[in-house]
């Protein structure tokens, strides 16, 4: 009784193995720039359909991508500025911006201490009054001695850095008058003025 079962199993196994070919690496397909008689121009590589956009490359929000609304720098951010956005901006600022601008944005980073031209402080009136889109544009395209960072810093991170620069400007130029009544009371209770 065992022999017929063994033969049947061997036949089934043989049939299965015969169906498995080891030449899957030789699939019927055209390689890039290969010649073909299928198309009139004999090119196997085809041009993309007009209007095709590569994954992740759809740029349908001009303010987000350029920092501009029409021809003017944007007055606002293209997405809500949350605490997480500011934290991300601080992280990116400390990586990319502090070598020149310093931790507080006064233009006294380590490369300036070693002889590089000092950038302007973010705390001068001209820059405190600039629009967020201006900062985004400078990060994207560079300005003066500052190189562009478009290749190194993704779009949303550039906006996060701008949000953090705004937070730096507020923190370094705040007055007691900027506080709410509750904050003033807490400050006075703590011994401050």
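Note down the relative contact order for the chain as a percent, whole number, built from C-alpha pairs under 8 angstrom at least six residues apart.
18
At 222 nm, what value in deg cm²/dmol follows for the chain if DSSP H runs of at least 4 each add -39500 (n - 2.57) and the sum is divided by all its residues, to the nearest 500?
Working: 9 runs with 87 residues, N = 193.
Calculated from helices alone, the mean residue ellipticity at 222 nm is -13000 deg cm²/dmol.
Where does each of 38, 79, 73 land when they are ranked from fewest to most other beta-carbon atoms within 10 angstrom? Display every interim value, and only then the final one.
Values: 38 9, 79 14, 73 19.
The fewest-first ordering by Cβ neighbours comes to 38, 79, 73.
Counting other C-beta atoms within 10 Å, which of 110, 146 has the fewest, and how do the rest follow? Intermediate values should be presented prior to the final figure.
Values: 110 11, 146 15.
With the fewest neighbours first, 110, 146 line up as 110, 146.
What's the exposure ranking of 65, 31, going from fewest to most Cβ atoms within 10 Å?
On the way: 65 13, 31 7.
With the fewest neighbours first, 65, 31 line up as 31, 65.
Which angle from 0 to 90°, rounded to the nearest 10, does the C-alpha axis of helix 83-96 make with the longest principal axis of the chain?
Between the helix axis and the principal axis of the chain, the angle is about 90 degrees.
In degrees between 0 and 90, to the nearest 10, how far off the longest principal axis of the chain does helix 2-19 point, with axes built from Cα atoms?
60
Could you tell me which label, among (i) 22.5; (ii) 23.0; (iii) 18.3, carries the value of Kirkwood radius over Cα pairs in Å calculated for this structure?
(i)
Since every read-out is calculated from the coordinates, none of them should be taken as a lab result. Here the structure is a predicted model, which is why all the values come from computation and not from measurement. Quick reminder, even Gly has a Cβ in these numbers, built from the backbone with ideal geometry, and neighbours come from all protein chains shown.
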